[in-house]
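S.K.: Have a look at this one before I ask anything.
We did not get these values from a lab; they are worked out from the coordinates using the rules stated. Quantities reported herein were computed from a predicted structural model and do not represent experimental measurements. When we count neighbours, we look across all protein chains shown, and the Cβ atoms used for this are built from the backbone with ideal geometry, even at glycine.
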Amino acid sequence: MLINAVPQRHGALGPRADRLPRGCRALAELVGEVFDELVHEVHVDCADSATVDGIANRETLIRNRTSQLRALEAPGGPVLTIGGDCGVELVPLGVARYRYGRGFGVVWFDAHPDLNTAATSPSGAFHGMVLRSAFGEGDSDFAASPELVPGRVVLAGTRAFDPAEREGVDAGLASLVSVRELADPERLVSAVRTSGAGQLYVHIDLDVLDPGEFGGLNFPEPGGLRIPELVAAVRSLAVFDVVGAGITECASDDRAELRALVPVLEAVGELLEA
């Protein structure tokens, strides 16, 4: 298994975004201990750049994408990406889609669907556009090719939608399994089977958790999952061929606080090592 830490903050905006690089490195260190594996840190540009065509820090994000691509030239096996903001997921998703073909699908554990484009985003933060870009939509410099197939994505625990994101779901880009429905993990398994996905990538933005469960969230939203609920949902995906995963948006470097995430890390490791 290849583990890449990508301590990027430039896809996120807001008062906690500056905490993401430290949170990424601290979480990556814990991942290395839990998995007993070497973690490779991908070099990222730390300089801010201008908002261009509706995307904040556009040039920085493009440079960082190039660094990630170099780190994935020959992955060989499952890839785990530790972020940083959710924008770091564009590259591993694109590489996996190229590698596995049209049957490749995604389970997106996230309080937010990340289905805006630069034209619809209220903030210009790329982490809210990354999944729409993976569908090949939006800004041509970020739109994936080959793109994810509409319907092959399942949003899990998503509960905060902008209007354009809701329209994308209604148009069939992704299906939704709510926080309430995840109380029965079989609902998630059924949704993935319905999507027709073969190989699967599992994305976990930690804000899928309720803020009362874990305080180190970059963009907390109430009404999220408890840690045991997230663990059960992740473990339910063991019936599929999981070829990659990402864990993003950790805004804490407090070791005691991060230890609460160990069951989540163990569940992800079980999927990737199966």
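S.K.: Filter segment 238-250 for residues that are buried (at least 24 other Cβ atoms within 10 Å of the Cβ), touching a strand residue (DSSP E or B) at 6+ places or on another chain (Cβ under 6 Å) and not charged (D, E, K, R) and give the result.
M.R.: Gly244, Ala245, Gly246, Ile247, Thr248
S.K.: Among residues belonging to segment 209-234 that are closer than 18 Å to Gly23 by Cα and in contact with a His (Cβ under 9 Å, 6 or more places away or on another chain), point out the one that is surrounded by the most Cβ atoms within 10 Å (Cβ to Cβ).
M.R.: It comes out as Asn218.
S.K.: Going by what's in this entry, would Gly94 be described as in contact with a Ser or Thr (Cβ under 6 Å, 6 or more places away or on another chain), under 20 Å from Ala5 (Cα atoms) and among the small types (Gly, Ala, Ser)?
M.R.: Against the criterion (in contact with a Ser or Thr (Cβ under 6 Å, 6 or more places away or on another chain), under 20 Å from Ala5 (Cα atoms) and among the small types (Gly, Ala, Ser)), Gly94 does not qualify.
S.K.: Examine segment 194-213 for a residue that is over 20 Å from Val88 (Cβ atoms) and part of a helix (DSSP H, G or I), and state whether such a residue exists.
M.R.: Yes, segment 194-213 contains a residue that is over 20 Å from Val88 (Cβ atoms) and part of a helix (DSSP H, G or I).
S.K.: Also, I was wondering about something else. For segment 62-77, check the following and say yes or no: at least one residue is of a type in the set (S, T, N, Q), buried (at least 21 other Cβ atoms within 10 Å of the Cβ) and not in a helix (DSSP H, G or I).
M.R.: no
S.K.: Filter segment 186-237 for residues that are in contact with a strand residue (DSSP E or B) (Cβ under 8 Å, 6 or more places away or on another chain) and of a type in the set (Ser, Thr, Tyr) and give the result.
M.R.: Of everything in segment 186-237, those that are in contact with a strand residue (DSSP E or B) (Cβ under 8 Å, 6 or more places away or on another chain) and of a type in the set (Ser, Thr, Tyr) turn out to be Thr194, Ser195, Tyr201.
S.K.: Something else: Could you list, in sequence order, the residues of segment 136-173 that are within 16 Å of Leu90 (Cβ to Cβ) and of a type in the set (A, V, I, L, M)?
M.R.: Once the filter is applied, which keeps residues that are within 16 Å of Leu90 (Cβ to Cβ) and of a type in the set (A, V, I, L, M), segment 136-173 yields Ala143, Ala144, Leu148, Val153, Leu173.
S.K.: Counting just the residues of segment 79-119 that are assigned to a helix (DSSP H, G or I) and aromatic (Phe, Trp, Tyr), which one comes out surrounded by the most Cβ atoms within 10 Å (Cβ to Cβ)?
M.R.: Of everything passing the filter in segment 79-119, Tyr100 is surrounded by the most Cβ atoms within 10 Å (Cβ to Cβ).
S.K.: Output the number of residues of segment 143-172 satisfying the condition of being in contact with a Lys or Arg (Cβ under 8 Å, 6 or more places away or on another chain), not charged (D, E, K, R) and not in a helix (DSSP H, G or I).
M.R.: Residues meeting the conditions: 4.
S.K.: Another question about this same structure. Answer yes or no: is there a residue in segment 16-36 that is outside any helix (DSSP H, G or I) and β-branched (Val, Ile, Thr).
M.R.: no
S.K.: Mind checking which residues of segment 214-248 are more than 27 Å from Val91 (Cβ to Cβ) and among the basic types (Lys, Arg)?
M.R.: Passing the criteria: only Arg226.
S.K.: Here's a follow-up. Determine the pairs where a residue that is under 16 Å from Leu2 (Cα atoms), located within segment 31-50, has a partner that is in a helix (DSSP H, G or I) and acidic (Asp, Glu) with Cβ atoms under 8 Å apart, the partner being 6 or more residues away or on another chain.
M.R.: Hits for this filter: Val34/Glu266; Val39/Glu29.
S.K.: Restricting to segment 5-61, name every residue that is closer than 30 Å to Glu273 by Cβ, of a type in the set (Val, Ile, Thr) and crowded, with 18+ Cβ neighbours inside 10 Å.
M.R.: Listed by number, the residues that qualify are Val6, Val31, Val39, Val42, Val44.
S.K.: Output the number of the condition that Val91 fails; it satisfies all remaining conditions of (1) of a type in the set (A, V, I, L, M); (2) touching a Lys or Arg at 6+ places or on another chain (Cβ under 7 Å); (3) more than 26 Å from Phe135 (Cα to Cα).
M.R.: Only one criterion is unmet by Val91, namely (3).
S.K.: Within segment 60-71, identify whether any single residue is without any contact (Cβ under 8 Å) to a residue 60 or more places away in the chain and aliphatic (A, V, I, L, M), and answer yes or no.
M.R.: Yes, because at least one residue in segment 60-71 is without any contact (Cβ under 8 Å) to a residue 60 or more places away in the chain and aliphatic (A, V, I, L, M).
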